[in-house]
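Okay, structure first, notes after.
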Ligand SMILES: Nc1ncnc2c1ncn2[C@@H]1O[C@H](COP(=O)(O)OP(=O)(O)O)[C@@H](O)[C@H]1O
Ligand SMILES: [Mg+2]
């Protein structure tokens with residue numbers, strides 16, 4: 001019998017993280033795989049030593065990228081690939097790659113590195129950003145989930161306050177897609193195929209994240225929405241991706257972000273689809289292909 005480890009973050013005590021791991025465990029066991037839930041800190045990353053036990057593959061549901069790399073170096077197939085998790089975990093990095101692949105997305109400027117407690121105000125840099133993107137605009141930290149580090153900036157005062165506050169932190173400036181205020185689409189892509197999607201909307205916030213108060217409902221994607229979601233996942237080499245799509249002018253899809261470790265519980269509740277089933281089938285076909 002094949003075994004897999006489902007690695008998740010043990011320091012995050014919120015139920016949704018273990019719940020996520022359980023959905024994958026259920027999917028794996030349905031396909032005859034023994035699936036063991038492993039908290040990231042349960043694996044001692046003693047870098048010069050080999051792990052005493054090793055599974056046939058690892059489904060990595062954490063952003064402990066160093067652990068993902070360590071496991072990969074031990075010769076264990078890790079999904080998503082650690083490099084993909086790393087790129088997706090940094091919105092600035094992923095926007096550079098998405099733009100390079102000409103994926104449709106809001107106009108985006110990567111903030112320059114400014115060392116903490118230093119400032120580049122009065123150099124004219126920020127005026128250039130304001131002139132290029134105009135207000136209102138979005139400021140988004142490179143690392144963040146559930147809408148928590150995404151800010152809608154409506155005034156110059158808010159803009160300058162935020163850039164000072166973020167000194168020393170990686171972030172981006174982004175065109176605010178007003179047509180998409182409080183609504184977006186989450187598309188789960190597995191192995192280059194769309195396997196599930198949902199519409200998310202919020203009456204109270206510009207962010208559609210469910211954790212932030214949004215509600216979700218089923219949606220049928222247009223061919224263009226599917227195409228853009230698949231293109232975004234491919235641009236980042238993401239075998240599994242949770243792609244957020246915004247509604248641009250004429251409802252044209254624009255990529256908001258790509259999640260390399262997408263949560264699958266909400267989409268399961270809305271659609272009845274366990275994305276984990278597709279993830280496990282995909283991994284099995286790939287691991288078997290390796291073995292041949
Ligand atoms: N450029 C934008 N224009 C309009 N709304 C946006 C934009 N960027 C993000 N949002 C809204 O904010 C939410 C959170 O942004 P996102 O980039 O997906 O970060 P997170 O990783 O926190 O989910 C999105 O789901 C969307 O509703
Ligand atoms: Mg998002």
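Where does each of 49-56, 14-21, 103-110 land if you order them by average Cβ count within 10 Å, highest first?
Ranking, from highest mean packing down: 103-110, 14-21, 49-56.
Given a cut-off of under 8 Å on Cα pairs at least six residues apart, what relative contact order in percent is computed for the range 1-155?
18 percent
Per residue and in Å³, how big is the convex hull formed by the alpha-carbon atoms of the chain?
Once divided by residue count, the hull of the chain is 146 Å³.
Please give the peptides 121-127, 90-96 ranked by average Cβ packing (other Cβ atoms within 10 Å per residue), highest first, as a rough proxy for protection.
90-96, 121-127
To the nearest 10 degrees, how steeply does helix 275-291 sit against the main Cα axis of the chain, on a 0 to 90 scale?
For helix 275-291, the angle is close to 60 degrees.
What is the distance in Å between the Cα centres of the range 181-226 and the range 42-57?
One Cα centre to the other: 37 Å.
Among DSSP bridges having both ends in the chain, what percentage is antiparallel? Round to the nearest 5.
75 percent
Tell me what the chain gives for mean residue ellipticity at 222 nm when only DSSP H runs of n ≥ 4 count, each as -39,500 (n - 2.57), the sum divided by the residue total, rounded to 500 deg cm²/dmol.
After summing the helix terms and dividing by residue count, I get -10000 deg cm²/dmol.
Tell me, what is the FRET efficiency for residue 269 and residue 125 to the nearest 0.05, using R0 = 35 angstrom and their Cβ-Cβ distance as r?
With a Förster radius of 35 Å, E is 0.20.
In 5 Å bins starting at zero, report the fraction of Cα pairs in the range 17-57 per bin as a rounded %.
Pair shares across the bins are 5, 18, 24, 21, 16, 11, 4, 0.
Measure nothing but the geometry: give the 0 to 90° angle between the long axis through the Cα atoms of 156-165 and the longest principal axis through the Cα atoms of the chain, rounded to 10°.
Here the helix axis deviates by roughly 40 degrees.
Set the Förster radius R0 to 45 Å, insert the Cβ-Cβ distance between residue 13 and residue 223 as r into 1/(1 + (r/R0)^6), and round the FRET efficiency to 0.05.
0.60
So if I average 1/r over every pair of distinct C-alpha atoms in the range 179-279 and take the inverse, what Kirkwood radius in Å does that give?
13.3 Å
Let me have the relative contact order for the chain, percent, based on Cα pairs under 8 Å that are six or more residues apart.
Value for the chain: 18 percent.
Once both axes come from the Cα atoms, what is the angle between helix 91-100 and the longest principal axis of the chain, in degrees from 0 to 90, rounded to 10?
Taking Cα atoms only, the helix is inclined about 90 degrees.
Measure out, as a whole number of angstrom, how far apart the alpha-carbon centroids of the range 110-127 and the range 256-292 sit.
Here the answer is 40 Å between Cα centres.
In the range 31-75, which residues have a backbone nitrogen under 15 Å from the label point lying 7 Å from residue 237's Cα in the Cα-to-Cβ direction?
It comes to 69, 72-73, nothing else.
Quick check: convex hull over the Cα atoms of the range 3-79, volume per residue in Å³, rounded to an integer?
77 Å³
What translational diffusion coefficient, to the nearest whole µm²/s, does the range 99-161 have by Stokes-Einstein, given a Kirkwood radius computed over alpha-carbon pairs, a temperature of 20 °C and 1.002 mPa s viscosity?
The estimated diffusion coefficient comes to 160 µm²/s.
Here, each number is a calculation from the coordinates, and none is a lab measurement. From a predicted model like this one, the values you see are computed outputs, not experimental measurements. Backbone-built Cβ (ideal geometry, glycine too); neighbour counts: all protein chains shown.
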